[in-house]
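S.K.: Structure provided below as structure tokens; questions to follow.
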Amino acid sequence: MKNLIPLTILAIAASTATAGAQSLSGVELGLTGGYAGGLSGEAFVHAPNVIGPVGVKAGVAVTRSADAINDSSKDALGTTFADRKKNDGFTESGSQTVVSLDGTYSLGEVAPGVDTTLYAGGRYGMFRATETANSTSSNVYSSNSFGIGAGVMASYALSGNISLVGDLGVDHFFKNTINVDSTNAGNTTTYNYPTSDADYAYNDSRFVRPGTNFKARVGIKATF
């Protein structure tokens, strides 16, 4: 199920882009990079002017997070993760994958050579964090969440069909079940913590993932 939703969204996006290429001019393919809770990149397809100034945009963004486990969170022994890293050699890593589907509204040329587009729509985020104690002991946290987002894209034509594009926006994700794969001495046990679980708050405070996430990216796009 967790894979079906983003695949369905991408299928819709691909169909929209194909239809746009056949019946509309100006379909855009873009790639941007920057910050969204960490070093982040996004690939997107945008079919503008589907109905007047209204269009549709779909994207997939990936973010790598160096701060995947909350340093101030304490384990069952009352020791903070920051102390575990400092004294016991614990490590952390994390990733965020966000699939987006937006409606867009073109404001046209708001300054000489600069076109601006507003967007808003749904998000599906897949978040993951790993804390490792040693080669045989680790906890892997994961959670998939729906969300909403909005922002603005501005583009400046460089040459031919290539444009510089900037993207500023904000996404908000709703809390959902947290899954923990706990491995010790080669044996892995999976725990599931829905939001109603008594231990949800503990895992929620330990697992760093976006609630409200601000993003700023810049890149290029090609118009066909």
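S.K.: Any idea which of G30, G41 is under 20 Å from G122 (Cα atoms) and surrounded by 19 or more Cβ atoms within 10 Å (Cβ to Cβ)?
M.R.: On the way: G41 fails: surrounded by 19 or more Cβ atoms within 10 Å (Cβ to Cβ).
Result of the check over G30, G41: G30.
S.K.: Starting from residues that are of a type in the set (D, E, K, R) and at pLDDT 50 or above, keep the ones in region 1-57 and report whichever is farthest from N144 (Cα to Cα). Talk me through it step by step, then tell me what you get.
M.R.: Here is the first cut: in region 1-57, the residues of a type in the set (D, E, K, R) are 2, 28, 42, 57.
Retained after the next criterion (residues that are at pLDDT 50 or above): 28, 42, 57.
On the way: E28: 28, E42: 18, K57: 21 Å.
Selected residue: E28.
S.K.: Sticking with this one: Looking only at region 54-90, count every residue that is of a type in the set (A, V, I, L, M), touching a strand residue (DSSP E or B) at 6+ places or on another chain (Cβ under 9 Å) and surrounded by 14 or more Cβ atoms within 10 Å (Cβ to Cβ) and tell me the total. Show your work before the answer.
M.R.: If we filter region 54-90 for residues that are of a type in the set (A, V, I, L, M), which is where we start, we get 54, 56, 58, 60-62, 66, 68-69, 76-77, 82.
Those still in the list that are touching a strand residue (DSSP E or B) at 6+ places or on another chain (Cβ under 9 Å) too: 54, 56, 58, 60-62, 66, 68-69.
Pick out the ones that are also surrounded by 14 or more Cβ atoms within 10 Å (Cβ to Cβ) and you get 56, 58, 60-62, 68-69.
Looking only at that region, the number is 7.
S.K.: Consider region 125-161. How many of its residues are farther than 22 Å from K175 by Cβ, crowded, with 18+ Cβ neighbours inside 10 Å and not small (G, A, S)?
M.R.: So the count comes out to 1.
The values are calculated or read from the model by the stated rules, or taken from the named source; none is laboratory data. None of these values were measured; they are calculated from a predicted model. Note that we place each Cβ from the backbone using ideal geometry, even for glycine, and neighbour counts take in every protein chain shown.
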